[in-house]
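Please read the structure below before turning to the comments.
The values are calculated or read from the model by the stated rules, or taken from the named source; none is laboratory data. Everything numeric here is computed off the predicted structure, so don't read it as measured data. Glycine also receives a Cβ, built like all others from the backbone with ideal geometry; neighbour counts cover every protein chain displayed.
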Amino acid sequence: MRNVVVIGKLRLPATLTCTCGSLRPHLSVSGKTSDAYHNVYGLTHAEPEFKYEFRARWRTSTDGRTCMVPDVSVKLGFAAMRVYLARELNDSCRRNIVRKHELEHVSAWQSHFRIGARMLEEPLRAAFSQPRYYASQNQARADSRPWVEEILKPLHQRLMNGAVAAQRAIDSPAAYQRVTQRLHACPERPVAYREF
């Protein structure tokens with residue numbers, strides 16, 4: 001019985017949406033807030049996708065026993081990726097600094113999923129390399145989805161935990177301090193003078 005595990009279907013967003021405006025509605029949905037020691041000037045919102053398809057292959061012996069193994073295809077990608085920049089970033093120097101920081105988040109999401117796709121291949125091949133044996137085809141059918149999900153669920157969770165950890169590393173206190181220093185280095189905007 002031949003077993004196929006396909007991973008290479010990684011879909012990344014063709015376009016990245018970048019919006020300048022009020023961050024309040026997006027912050028309240030994400031659970032982030034500004035406080036006395038930390039102002040939020042940018043936010044990256046990713047909608048990761050982890051989809052799978054499988055087809056069970058089985059053979060039934062003359063004594064009625066059935067062996068079954070699933071062919072699994074996993075697709076990783078993003079339904080959307082949006083970067084929000086605060087309206088308060090009213091000059092290009094500050095806006096570009098915050099945009100660059102947010103694009104680090106975008107890059108981390110994309111890199112993590114590219115690497116994750118390659119790293120999922122071997123555990124999936126190993127998990128589905130040996131068939132399972134059942135008393136009937138009905139038992140094999142009933143077990144196919146739970147078997148696939150029992151393998152994929154922890155792998156998906158590990159992938160997402162790693163992605164979240166990468167995002168947190170980008171938002172470390174040291175990283176925020178570097179961004180703040182760069183923001184303070186931006187030239188002050190000239191004040192408009194009026195003649196009396």
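Got a sec? Which of His101, His156, His112, His105 is in contact with a Phe, Trp or Tyr (Cβ under 7 Å, 6 or more places away or on another chain) and over 18 Å from Ala56 (Cβ atoms)? Quick ask: steps written out before the conclusion?
Values: His101 fails: in contact with a Phe, Trp or Tyr (Cβ under 7 Å, 6 or more places away or on another chain); His112 fails: in contact with a Phe, Trp or Tyr (Cβ under 7 Å, 6 or more places away or on another chain); His105 fails: in contact with a Phe, Trp or Tyr (Cβ under 7 Å, 6 or more places away or on another chain).
Residue meeting the stated conditions: His156.
Please specify each residue of segment 50-70 satisfying the condition of being surrounded by 13 or more Cβ atoms within 10 Å (Cβ to Cβ) and under 24 Å from the mean Cα position of the chain (by Cα).
The initial filter retains those residues of segment 50-70 that are surrounded by 13 or more Cβ atoms within 10 Å (Cβ to Cβ), namely 50, 52-54, 56-60, 65-70.
Hits for segment 50-70 are Phe50, Tyr52, Glu53, Phe54.
In segment 75-93 there is no residue that is polar (S, T, N, Q) and in contact with a strand residue (DSSP E or B) (Cβ under 6 Å, 6 or more places away or on another chain).
Count of segment 60-103 residues, restricted to those that are touching a residue at least 24 places away in the same chain (Cβ under 8 Å) and either polar (S, T, N, Q) or part of a strand (DSSP E or B) (or both), is 23. Number of residues in segment 73-111 that are surrounded by fewer than 14 Cβ atoms within 10 Å (Cβ to Cβ), modelled with pLDDT of 90 or more and more than 22 Å from Ala185 (Cβ to Cβ): the value is 2.
Taking the criterion of being assigned to a helix (DSSP H, G or I), more than 16 Å from Arg55 (Cβ to Cβ) and more than 19 Å from the chain's Cα centre (by Cα), the residues of segment 128-154 that qualify are Asn138, Gln139, Glu150.
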